[in-house]
Every structure is written in C-alpha cells, then in structure tokens.
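**Q** What follows is a single structure, and I will ask about it in a moment.
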Amino acid sequence: MMTYRIYLSPHLDDVVFSCGGLIRDQADAGDRVEIWTICAGDIPDGEISPFAQSLHDRWRLGREAVSHRREEDLRACEIVGASFRHFDLPDCIYRKDPVSGEFFYTGEEGIFGELAELEADHLAPALARSWAAKMPAGAQVVSPLGLGGHVDHRLVRLAADQLARPVKYYADTPYAFAWEAVIPDLLPENTDMTVFPVSEKGMSAWINGNAAYSSQVSTFWESREEMEELFRGYAGRNGGVRLWEREG
C-alpha cells in the first residue's frame, strides 16, 4: 500500500542532507515522497545585507543564488526519488522587519540565535495554516527537529508543531554530527524513535544527492570524499536514518 509522505525542508538541501538515503528507499518501495522547501523564495528587490553578500561570495553566486540553488534541488530530488514543492518565503538572510525595514538576521550569531518575535508569533502560525490547507488528510508529515538552532529550522519546527495532525521528526544533518547530545532536549514528550536501515542503493543516492548541491558542499566539507565518509559513518553508527514521532 502506497504511503504519501511530505518532508518539510527549511532550505534547498536540508531534507536530502538529513534523509536522502531513506527517501530513496521509500520511493523505491512505491511510496509517494514530496519535499516541501519552505525558504525557497526569490531574493526581494533592493539591496541585500552585507552578511547575505558575504554568503553569495562564498557560494560564488550573485542575485541568481536562489534560482541556482532551486536548480540544484531539482537534481537532488530526482536522485533521491522525491518530487518537490518550492514555497515563496525568502531565506532568513533576506527577510526584514516590515515596519522598521531592518534585516532580522545580520550575521552568524543572528541566524543561530533566537527567532525574531514577529516571526515566531505571526509567521509560524501563518505557515502552519497554509500547509494544512495543502496537505492531504492521509499524508505523513516529517519535520526537522531544529537541531543546530538555525532560525529557519526553528521556524519550520515551530510551524510543524502547530499542525493538528501526527508529525514525525528528523535530525537536521549535518548539524547532527556535532549536536547529537542535545537531541533528547528537542523531542516532544512521549516520543517513539524508529530506525530505518538504508540500502546501498539508498546510501549511494544520498551521497550523490548531497553532491548535487554543489554551491553548498564547500560550506560544510573539504571534499566529496570527506562528505561521503562522514555520512556513511553517521548512518553506520545509527543503523540508518532515525525518525521520531508524536501523536497529534
């Protein structure tokens, strides 16, 4: 029997980095898998912040950065066997306070800090309502735990927690490599963990899917070989990919 699964991805790489091997195996088993990337919107008109510009420089991209990253995501989704849905919310590095016009998050400390009050109080509930209207009743929803503390991951997790339906959670990877010890602190009460072994075909798709995000790989790893070693070691230690579940 086919299962319809929706994985919520804060950015154009997070779900594949975190669950790519599992998704390949689920797709091969006949499941319908969609990756909904929430912060995939175009860069707003006007100047970007110096911090955003520094990231563009790191990625060797200009104002085409988001469209380029969406193209990378299409390739990665194809590799892991998922369909995609790109939402129009810009990445946190481009978002501004609508009243003051000031950028919400202007550096590394900001993007790994607290979610802006306006976004926590108003944007997260609005996202939850929007998703709920688009989600079929029988779909399984899989959300990031928010591991690592990135504000966009916090935002997606906060919105997912406001869905009136069962939700599963994945460990945000590669943050999970260094933040394993804090996973219990992020879990809802009475949560069950399931470990899904990843086949060799799934593992290969996971590595190739990760590599499709060519603009991002250098941010996290020195080489493809290092990336593959880390992911194979991570899957080996955990027995595959872990998902945690709460009841809605």
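The values are calculated or read from the model by the stated rules, or taken from the named source; none is laboratory data. The shown structure was predicted, so the numbers you read here are calculated from the model rather than taken from an experiment. Positions of Cβ are backbone-derived with ideal geometry, glycine not excepted, and every protein chain shown enters the neighbour counts. All accessible areas refer to the heavy atoms of the entire protein, side chains included, with ligands and DNA or RNA removed. Shrake-Rupley method; radii C 1.70, N 1.55, O 1.52, S 1.80 Å.
**Q** With (1) at pLDDT below 95; (2) polar (S, T, N, Q); (3) crowded, with 16+ Cβ neighbours inside 10 Å as the list, and T219 as the residue in question, which single condition is left unmet?
**A** Exception for T219: condition (3).
**Q** Filtering the stretch 5-20 down to residues that are touching a strand residue (DSSP E or B) at 6+ places or on another chain (Cβ under 6 Å) and outside any loop (DSSP other than H, G, I, E, B), which residue is nearest to G110 (Cα to Cα)?
**A** S9
**Q** For the stretch 107-183, please list each of the helices (runs of 4 or more DSSP H) lying entirely inside it that holds at least 2 residues being touching a residue at least 24 places away in the same chain (Cβ under 8 Å) and in contact with a helix residue (DSSP H, G or I) (Cβ under 6 Å, 6 or more places away or on another chain).
**A** Values: elements: 108-111, 124-134, 151-160, 175-179.
Ranges flagged: 124-134, 151-160.
For (1) among the aliphatic types (A, V, I, L, M); (2) in a helix (DSSP H, G or I); (3) in contact with a Leu (Cβ under 9 Å, 6 or more places away or on another chain), each residue gets a yes or a no:
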| site | (1), (2), (3) |
| --- | --- |
| V195 | yes, no, yes |
| I207 | yes, yes, no |
| S215 | no, yes, yes |
| M227 | yes, yes, no |
| L230 | yes, yes, no |
| E245 | no, no, no |
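**Q** Turning to a different aspect of this structure: Testing E34 on (1) in a helix (DSSP H, G or I); (2) open to solvent by less than 50 Å² (accessible area, probe 1.4 Å); (3) out of contact with any helix residue (DSSP H, G or I) (no Cβ under 7 Å at 6 or more places or on another chain), one condition comes back false. Which one is that?
**A** Against the list (1) in a helix (DSSP H, G or I); (2) open to solvent by less than 50 Å² (accessible area, probe 1.4 Å); (3) out of contact with any helix residue (DSSP H, G or I) (no Cβ under 7 Å at 6 or more places or on another chain), E34 comes up short only on (1).
**Q** Considering only residues that are out of contact with any strand residue (DSSP E or B) (no Cβ under 7 Å at 6 or more places or on another chain) and among the basic types (K, R), which ones fall in the stretch 48-85?
**A** R58, R60, R63, R69, R75
**Q** Which condition from (1) closer than 27 Å to G81 by Cα; (2) in contact with a Gly (Cβ under 7 Å, 6 or more places away or on another chain) is the one that L186 breaks?
**A** That leaves (1) as the condition not met.
**Q** Continuing with the same structure: Among the listed residues D31, D45, D88, identify the single one that is touching a strand residue (DSSP E or B) at 6+ places or on another chain (Cβ under 7 Å) and among the charged types (D, E, K, R).
**A** So the residue among D31, D45, D88 that is touching a strand residue (DSSP E or B) at 6+ places or on another chain (Cβ under 7 Å) and among the charged types (D, E, K, R) is D31.
**Q** One residue is enough: does the stretch 231-241 have a residue meeting the conditions under 24 Å from M1 (Cα atoms), of a type in the set (A, V, I, L, M, F, W, C) and open to solvent by less than 10 Å² (accessible area, probe 1.4 Å)?
**A** Yes, because at least one residue in the stretch 231-241 is under 24 Å from M1 (Cα atoms), of a type in the set (A, V, I, L, M, F, W, C) and open to solvent by less than 10 Å² (accessible area, probe 1.4 Å).
One line per residue, one yes/no per condition, for (1) under 16 Å from L123 (Cα atoms); (2) buried (at least 23 other Cβ atoms within 10 Å of the Cβ); (3) of a type in the set (A, V, I, L, M, F, W, C):
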residue	(1), (2), (3)
A139	no, no, yes
V142	no, yes, yes
V156	yes, yes, yes
L163	yes, no, yes
V167	no, no, yes
P174	no, no, no
F177	no, no, yes
E180	no, no, no
I183	no, no, yes
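**Q** Test N190 against the stated conditions and say whether it is at positive phi, open to solvent by 40 Å² or more (accessible area, probe 1.4 Å) and touching a residue at least 40 places away in the same chain (Cβ under 8 Å).
**A** Here the answer is yes, as N190 does meet what is asked.
**Q** Based on what the data block shows, is I79 open to solvent by 40 Å² or more (accessible area, probe 1.4 Å), touching a helix residue (DSSP H, G or I) at 6+ places or on another chain (Cβ under 7 Å), of a type in the set (A, V, I, L, M, F, W, C) and assigned to a helix (DSSP H, G or I)?
**A** Taking the combined requirement at face value, the residue satisfies it.
**Q** Looking at V66, V16, can you tell me which residue is open to solvent by less than 20 Å² (accessible area, probe 1.4 Å) and either at pLDDT 95 or above or among the polar types (S, T, N, Q) (or both)? Break it down into steps so the answer makes sense when it comes.
**A** Numbers: V66 fails: either at pLDDT 95 or above or among the polar types (S, T, N, Q) (or both).
The match here is V16.
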